[in-house]
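Here is the structure we will look at.
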Amino acid sequence: MELEVGDDDDDDDKDECLYVEENSSSEEDEEELNYGNRSADQYMTEVIDEDDEYDVEIDKDSEHCDSETPSLVEQNVPENVPSLEEGDLNHEWSNFHLNDDSAAVPKGQPGYDPLHKLRPFINHLNHLFQTTYIPEQHIIIDEALCPWRGKLSFKVYMKDKPVKWGIKLYHLCESKSGYVWQFEILCGMPGLSNRPYDVVQRLLGPLKSLGYCLYTDTYYTSLALAEDLASSNTGFTGTVLSNIIGLPKEFMNTKLDTGGVDFRRCKNTVVLRWKDKTDVAVLSTIHRPQMVAVNTRTSVKKRPTAIVDYHKNMGGVDLNDHMISYNAFYRKTTKWWKKLAFHMLTLTMVQAHCLYLKVRKMIGKPGMCLEDFMISVGEDLVTVPKSDGDQPTGAAVPQDPQQLRIQGSHLSHFLVPLKGRKNCCVCYARLKAEGTDSKYRRKRTKRTKWECQQCKKALCVHPCMKAYHTMQDYTRPLQNLV
């Protein structure tokens, strides 16, 4: 059956969030309007058991993973770290800025940016997230929320979030780990379209045509988007509503018996409907209309492969939200941009912990919990040596490369992938210290695809990475290094 691609101009009317200033209906009406957009996605989480997102073991016996963890203030802080009284801290907080307000364009003028106060910070984080890590094949796009109940023109209400009111963020994440590769903040910027189709195109950016598989919910799914991504070598899977434009109504509204399956195909696009307790419809360009056996609590049931894969890969944003909520920034502030800034700072810490767990899994060792990891980073930051009084305040940058590589903790250095492979500098130096000739060293040195981003040295993941950043003489035998 031939499917016609329809115009998706009506997608904006199906947005699951409501602008407070533009909608005067009651909260009950808001919930009724938004119910249809999420029914299929909510049902997906009810009928199938969730998979574990991390296979890495967490060390629950670490010193900070308990309710009696001492704060950094209560721990031993080096003498060279100055202390701040409460009044000084409030003064520093009142002078906290991330951009020059004098350069802001007034509202209503060309070039006005509602996020001017945060724009350099946002651009820096997006660049950092994209250059630090390359996501795996399966990625997702979904929404996150920074809590905020004060007055704000772009504050939204999202009934399906644990915190209903706040600032909406669009995240493009790796589905397995929840690593945010790029994010965008909904702020109503003039000239910037917030249609789901345009948001997906902006977030994907350079990942298009690289063979990625994208998963979305009903808010973003459209036949036009699926066919456009398929033409650029990007797979797509997403749940759809019964009134989606471009699909025949008689097919979408046909009643199915329990366990029944029906589908339609147009070229490489498959639209599949399946009923268990309620109807679920999925649009996919990477799945065939096949069934697979799934173990449930009581029996083995057959379910479409598209639905099983959709559930398996759609938990990344929720995982990221949960990790942020465990260590959220709770300080009361009258400035929305400060709240959002520290929300993004917490996101950055969660990102670092995600990469840390990946490295620990590579070497087969347990990782710290998020709280322990954050305290470890804080301890490293407060112990960084300060410059002399004649020099500007801040962390002193050692001129000697030997001191730079062992400054702070090895946790402040992390590996990034190389385009090719290089000789590990630790393996090479150890063979050189043994007195071997250059031909033997080139033959026996391990070749690695990782390098330290800060030191720009090619290193094996284990044990050379830790040896290089913790040992003055890393040429000695490494067998006993933990």
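The values are calculated or read from the model by the stated rules, or taken from the named source; none is laboratory data. Predicted model only: the values in this text are computed from it and were never measured. Counting neighbours? That spans all protein chains shown, and the Cβs are built from the backbone with ideal geometry, glycine included.
Please verify whether segment 105-121 includes one or more residues that are touching a Ser or Thr at 6+ places or on another chain (Cβ under 9 Å), surrounded by 13 or more Cβ atoms within 10 Å (Cβ to Cβ) and in contact (Cβ under 8 Å) with a residue 60 or more places away in the chain.
Residues of segment 105-121 touching a Ser or Thr at 6+ places or on another chain (Cβ under 9 Å): 114.
The next check asks that each one be surrounded by 13 or more Cβ atoms within 10 Å (Cβ to Cβ); those that pass are 114.
Keeping just the survivors that are in contact (Cβ under 8 Å) with a residue 60 or more places away in the chain gives 114.
Yes, segment 105-121 contains a residue that is touching a Ser or Thr at 6+ places or on another chain (Cβ under 9 Å), surrounded by 13 or more Cβ atoms within 10 Å (Cβ to Cβ) and in contact (Cβ under 8 Å) with a residue 60 or more places away in the chain.
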- Any residue in segment 145-164 that is farther than 21 Å from Leu210 by Cα, in contact with a helix residue (DSSP H, G or I) (Cβ under 7 Å, 6 or more places away or on another chain) and in a strand (DSSP E or B)? yes
- Of Arg430, Arg441, Arg360, which residue is over 26 Å from Tyr133 (Cα atoms), at pLDDT 85 or above and buried (at least 17 other Cβ atoms within 10 Å of the Cβ)? Arg430
- Message: outside any helix (DSSP H, G or I), charged (D, E, K, R) and either closer than 30 Å to Ser153 by Cα or modelled with pLDDT under 85 (or both): which single residue out of Lys365, Lys332, Lys339 fits that description?
- Response: Lys332
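Would you say His343 is within 27 Å of Glu451 (Cβ to Cβ) and outside the structural domain of Leu459 (by TED's automatic domain parsing)? Spell out how you get there, then give the answer.
Details: within 27 Å of Glu451 (Cβ to Cβ): no; outside the structural domain of Leu459 (by TED's automatic domain parsing): yes.
When the stated conditions are applied, His343 does not pass them.
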- Message: If I filter segment 138-160 for residues that are in contact with an Asp or Glu (Cβ under 6 Å, 6 or more places away or on another chain) and under 18 Å from Met344 (Cβ atoms), do I get at least one hit?
- Response: yes
- For segment 165-204, what are the residues that are of a type outside the set (A, V, I, L, M), without any contact (Cβ under 8 Å) to a residue 60 or more places away in the chain and in a helix (DSSP H, G or I)? Asp198, Gln201, Arg202
- Query: For segment 264-315, which fully contained strands (runs of 3 or more DSSP E) count at least 2 residues that are aliphatic (A, V, I, L, M) and either out of contact with any Gly (no Cβ under 6 Å at 6 or more places or on another chain) or surrounded by fewer than 18 Cβ atoms within 10 Å (Cβ to Cβ) (or both)?
  - Reply: 269-275, 279-284, 291-295
